[in-house]
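Contents: one structure, followed by commentary.
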Amino acid sequence: SIKSIFDNSFNYVLQYKIKANSQDLEKYPALFIFLIDQSGSMEGNPIQIVSEALKLALQSLPINSYYQLIGFGTNYKKYDRTPKEYNESNINESMKIIKNLKGDLGGTNIYSPLKYIYDSYEIYDKINLPKNIFLLTDGEIENKKETLKLIEKNNSKFSIFSFGIGSDFDKDLIKNAGIIGKGNYNFCSEIKDLKTIFCK
């Protein structure tokens, strides 16, 4: 399961490859925003990988957490208007959304949904939990420098965990988003790679 650990200064660290028991999970709830690339290049195997990642993640979140699904392409699409409480009813609803995800939102614009999240901090700050963005993308962007600067400017508010999906993503973008965002990064070329990151 996704395991959360806090240090004495309340900085959030997510370590994927260590299994935690249910008691551990109960101790470390958080807010998880899943930023899902739905650009045209995601259609086919990449969107299948992302869908599987989301299914595994939503089955493994810490108890008492909150989460939100936001898709992006040329523009972004909020599947959840605001973060939802992590419970069985909400997860079942989200699973239906995940099942129908498609790569049909145009180009790859990561900057705009990130800026929306950062500009909406007052909404997220009402949830008194560590705040994390999971970025899942297979693409490259033209405004990488500006996007990384935006992440750096806000890395005291949100941690970024970035996932490169497939084989053609910008490795430098994924790596630096995770490092600058004070989170982590992973490269996932196939669905089987996810099992080293998320586990039921």
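The values are calculated or read from the model by the stated rules, or taken from the named source; none is laboratory data. Computed from a predicted structure; not experimentally measured. Don't worry about glycine lacking a Cβ; one is built from the backbone with ideal geometry, like all the others, and counts go over all protein chains shown. For accessibility, only protein heavy atoms count, side chains too; no ligands or nucleic acids. Shrake-Rupley method; radii C 1.70, N 1.55, O 1.52, S 1.80 Å.
Does S94 satisfy being more than 13 Å from the chain's Cα centre (by Cα), polar (S, T, N, Q), in a helix (DSSP H, G or I) and at pLDDT 90 or above? Yes: the conditions hold for S94. Meeting the requirement of 1 or more residues that are buried (at least 21 other Cβ atoms within 10 Å of the Cβ) and not aromatic (F, W, Y), the helices (runs of 4 or more DSSP H) wholly within region 114-194 are 144-153, 171-180.
The set of residues from region 135-148 being over 19 Å from G44 (Cβ atoms) and touching a helix residue (DSSP H, G or I) at 6+ places or on another chain (Cβ under 9 Å) comprises L135, I141, N143, K144, E146, T147, L148.
Determine, yes or no, whether P29 is in contact (Cβ under 8 Å) with a residue 60 or more places away in the chain, open to solvent by 10 Å² or more (accessible area, probe 1.4 Å) and assigned to a loop (DSSP other than H, G, I, E, B). Here the answer is yes, as P29 does meet what is asked.
Being modelled with pLDDT under 95 and not basic (K, R) is a property that I165 has. Number of residues in region 55-70 that are under 21 Å from G106 (Cα atoms) and surrounded by 20 or more Cβ atoms within 10 Å (Cβ to Cβ) equals 1. Considering only residues that are assigned to a loop (DSSP other than H, G, I, E, B) and either within 17 Å of S51 (Cβ to Cβ) or acidic (D, E) (or both), which ones fall in region 97-113? Passing the criteria: N100, L101, K102, G103, D104, L105. On inspection, K96 does not qualify as basic (K, R), closer than 21 Å to F161 by Cα and open to solvent by 20 Å² or more (accessible area, probe 1.4 Å).
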